[in-house]
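The structure appears right after this line, and notes come after that.
The values are calculated or read from the model by the stated rules, or taken from the named source; none is laboratory data. The shown structure was predicted, so the numbers you read here are calculated from the model rather than taken from an experiment. Cβ placement follows ideal geometry from the backbone for every residue including glycine, while neighbour counts extend to all protein chains displayed.
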Amino acid sequence: MAGFRVSRRRSARDIEVHDAELAKRAGSALFAADERIRAVAEELGFAEAELGADAAARLGAALEMARRSLNEAFRLNRRNRDADPGSSAESRARSLQVIELCESVERVLAEHTAAVAEAAARLRRAPEIFAGVHADAEQLRARLPHARETLERLAARYARAALAPVAANAAEAEQLLAFAEHGVAVAARRRAAGQVDPASVALEASAAAVHRAAALLDAVDDFEVEALRAEASLAGAVDEARRALAAVPAEPHPYRVAEAIAELRAALADLPAVGVNIDPFAHLARVREAHAALDAALAPARERATSPVASVHHPHHVHHAIEDADRRLDAARDAIAGHPGWIGAEALTRLAESERIRTALAHCLGSPTETVAVIDADHGARVLAMARRVASLASEAVDLARRDVEAFRAQGRVAAAS
């Protein structure tokens, strides 16, 4: 029993020590918050003189809120010092509330003083930003004639559909530069009138307009290079497609093979004659897609002709094809999932078809790819064809997704400029 009383006495002493430390913390927090409010009150006058009444008004409102919180904290602290402060638990709760109120004072004032400091820094940097916007605008204006000449040169070589992403870039860049110069003039007038916030908004809008104009002019230069690359790739793709058609045996073909041959021939037939403006991007995509479809359609017959025995006894090459298909399918999923809302129907359709065939392939295998044993040549050819088709569709989905992302970004630049 004596030991129990000693334990209780020690517990009570521990509580008293804890409450005393808590009360000391509350007192220190009150002192620090009061000093912080005094310092911010002095800063308020400087902020009004440097930034104007509008910027200082927000800091003043925050200061008034902080004072109300501090008054409440002082009231609670005085209640703890009354002759009858209530139970220890009540005093402890008030001390914790005092500390919390003081911390809220610090947070509110820190947030608003940081905003004032940032506004003051922008104001001091304003001459530098003015000069930078003017210099950048002049440099970009000097690039406008070259951009127009480039677009004229491109229009003489490529179809209007191919030029659509950049056709209006020079005109839009010129409009943006005019907007930027007007914004700088507005910012200068507002700054001279002491209207700091409107001046900052106008100046930031001008800087953003110059940045967008530069992006539009860069896109014209980049387009010329990409178009040349696509045109060169198209020539190689056409040669490969023609060789592939010439290598197809002249015999009756299954419907899928015949359909793929007809589509590839149509893609080649639709290529413009020499001297006619082309869309190298669209033609390249169509020829590649039709060629890949023909390869997929011919894959079963080729597999039976080249390695009928290997399909029965050596399934490792089947595993390799499936692993390659899965890698490409994962890449397509990542490319499309990483740009929600940017991807068009074609890329989504290719991905969905690839996933559908991959699901059918899993059913066809009937077991994990690590343990599958190909039963006969027809089965092996069918599995390989499906895996290659999955890979082909996934690759097409990636190419189409990249095209959609580039188009979306180009539209975003146009929308932002307007």
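Restricting attention to the range 227-246, the residues being within 33 Å of the chain's Cα centre (by Cα) and surrounded by 15 or more Cβ atoms within 10 Å (Cβ to Cβ) number 6.
Restricted to the range 247-275, and to residues there that are of a type in the set (A, V, I, L, M, F, W, C) and more than 30 Å from Ala162 (Cβ to Cβ), the residue that is nearest to the chain's Cα centre (by Cα) is Val257.
Among the residues making up the range 175-196, none is crowded, with 18+ Cβ neighbours inside 10 Å, at pLDDT 90 or above and not hydrophobic (A, V, I, L, M, F, W, C). The set of residues from the range 193-213 being of a type in the set (Gly, Ala, Ser) and touching a helix residue (DSSP H, G or I) at 6+ places or on another chain (Cβ under 6 Å) comprises Ala199, Ser200, Ala202, Ala205, Ser206, Ala207, Ala209, Ala213. Close Cβ contacts (under 7 Å, 6 or more residues apart or on different chains) running from residues in the range 257-280 that are assigned by TED's automatic domain parsing to the domain that holds Ala247 to residues that are exposed (fewer than 12 other Cβ atoms within 10 Å of the Cβ) and at pLDDT below 90 comprise Ile278/Pro272. Does Ser354 meet the test of being outside any loop (DSSP other than H, G, I, E, B), touching a Leu at 6+ places or on another chain (Cβ under 8 Å), among the hydroxyl-bearing types (Ser, Thr, Tyr) and at pLDDT 75 or above? For Ser354, the condition - outside any loop (DSSP other than H, G, I, E, B), touching a Leu at 6+ places or on another chain (Cβ under 8 Å), among the hydroxyl-bearing types (Ser, Thr, Tyr) and at pLDDT 75 or above - is met. Number of residues in the range 197-207 that are at pLDDT below 80 and in contact with a Lys or Arg (Cβ under 8 Å, 6 or more places away or on another chain): the value is 3.
Of the residues making up the range 82-116, just one is among the charged types (D, E, K, R), at pLDDT below 80 and closer than 13 Å to Arg36 by Cβ, namely Glu111. Summed over the range 319-360, residues that are among the hydrophobic types (A, V, I, L, M, F, W, C) and closer than 11 Å to Ala397 by Cα total 11. Within the range 186-217, being of a type in the set (S, T, N, Q) and either under 22 Å from the mean Cα position of the chain (by Cα) or assigned to a helix (DSSP H, G or I) (or both) holds for Ser200, Ser206. Going by what's in this entry, would Ile278 be described as surrounded by 15 or more Cβ atoms within 10 Å (Cβ to Cβ) and more than 34 Å from the chain's Cα centre (by Cα)? Judged against the criteria, Ile278 is not a match.
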